[in-house]
Amino acid sequence: MNFKCINLFIFRTEVNTLVKIFIRKIMILLLGALTSKLAFFTMVMTYVWLGNPISAELVYFILALLQRVRHAFNVVIPMGITESADFYASAKRIEILLKAESVTMNAVEENNLRIHESARVWLKNATVEIDGQQLLREITFDIDSGLTIVSGPIGAGKTTVLKLLLSEIRCKEGTVHVTGRVSYAPQESWIFPSTLKQNILLGEKFDRNRYEEVLKVCALTVDRDRLPAGDDFIVKEQGSNISSGQKARISLARAIYRNADIYLLDDCLRSLDIHVQEYVFKECMHRFLSEKICIFVTQNHHFFDKVDSILWVENGAVVKRSPDTVSSKNEQLEENISLYKHSNTTVSHGLITVYNFTLTLYSCLILGTVVLSVISAILLFNFTRAASNKLHNLMVKSMMGAVMYFHDIIPIGSIINRFSKDLTVIDEQLPFVVYDLLEILFSFCGVVILLAYVNLLFLIPVSVIVTIMYFMRKIYIPAGRNLQRMDMA
């Protein structure tokens, strides 16, 4: 039985950092929301405490001046501080990416330009160390022809040896010399949405004879003939409409079709049954690539006596042995999949509009505004965080309980998009939208009631405006919904 899981790797330190950022955003938003009110209150009360009489004309004059700077204090400055924090975080991530060690492309491109008459793979005292951990130490071997198997215990560094030959990682000490054009078949099959033929060619010039021979040695001829459109059969994303064995053989055929001097095959037969493995090994590795350098990673000990040499990898050391001196070890793969809870929290702020009836009442209202703003921000923060956790847990539970057919027809990119972009929209944008909706709705109702109380004739233009807005909404909502669905796809 096959099990499919979604790995969501969210580190606790990152979550804690995100919570700290949200708390700081709360303080910034509260400061922006309360600045104008506290400034106006301070100015009026200071003016009164100095013994000056207060009047409506003076109050409205002060309000007019504050309105000019209100937008800057409430929106521009808080947004600038928030965007500056986001810019700093993004700049640090880009800096890490730009400072990452790059592969020297000159040597790789030179090897890929032409077929070499004297292909060779030579390592001398090569030591690989990543993040302070030594993966390979002082490995030495020389291969200039034939079929070589790389084997050893799980996690010993077999794939690391191939990555070293591909220049994907660099050795800390020693020498790595690869002469010849290299073709590589990865351990995990990579299939892109296109035809079967294009998945195998991958930009190489089409040669009918070589193409048919590659299909034959990779045991794909029968599969191709059974497909509805043959070579033009459309393979879906990640090969969801073909079997894992077919994906592995297509990935192998892509590497074999490329005319190269050196073929690096990273355990690409492990998903095939034993009979197909033996056929592909005999026809492809043993016969078709007999005149090439083929380095094949495998755990199948039945192949050990059919190769020219064996590289046994164990405890970071690589020993070149002859087939008759290698003891077989048949181990099963063990996979540990961890699911970490992902918590997206959002913050918002509260804004309470009060009217100035008396100085005492106004002072109490200002104080109440500050207290309630802080309380509402904290409550909204906790509510949205709890709602986000519950929604995320329900989504994970539904995904883990979904039938296998669901995972076969839904691309993994769409699933990840639901857990990333969609949850981000719900967590960070929806609370603000709901809050703004309630604030605008109550403000609109208050204004309409006030106008109706003063003069009922004001309800006529209000009715016209509401009708126009209703029809504009009916036109916009379907188009906006379709555009959003296209963006989320």
Report task. Positive end of the charge dipole of region 113-325 (Lys, Arg +1 and Asp, Glu -1 on Cβ, about the Cα centre): tell me which of Leu220, Ser243, Phe206 has its Cα farthest that way. Result -> Phe206
Query raised in the report: Which peptide among 55-64, 193-202 comes first, and what is the full order, when sorted by highest mean count of other Cβ atoms within 10 Å?
Result: 193-202, 55-64
Query raised in the report: When ranked by the protection proxy of mean other Cβ atoms within 10 Å per residue, highest first, what sequence do the peptides 275-282, 463-470 form?
Result: 275-282, 463-470
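In what sequence, highest mean first, do 211-219, 309-317 appear when ranked by Cβ atoms within 10 angstrom?
On the way: 211-219: 19.6, 309-317: 17.6.
With the highest mean Cβ count within 10 Å placed first, the list reads 211-219, 309-317.
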Report summary line: In units of 2.2 N^0.38 Å, the Cα radius of gyration of region 264-319 is 1.14
Query raised in the report: In region 113-325, what percentage of the DSSP-assigned beta bridges are antiparallel, given to the nearest 5?
Result: 55
Report summary line: A convex hull over the alpha carbons of region 113-325 yields, per residue, a volume in Å³ of 125
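I need the calculated FRET efficiency for the pair Lys282 and Arg210, taking r as the beta carbon distance and R₀ as 22 Å, to the nearest 0.05.
Working: r = 19 Å, r/R0 = 0.87.
So the FRET efficiency works out to roughly 0.70.
No lab work stands behind these numbers, since they all come straight from the coordinates. Worth saying up front: this structure is predicted, and the values here are computed from it rather than measured. Backbone-built Cβ (ideal geometry, glycine too); neighbour counts: all protein chains shown.
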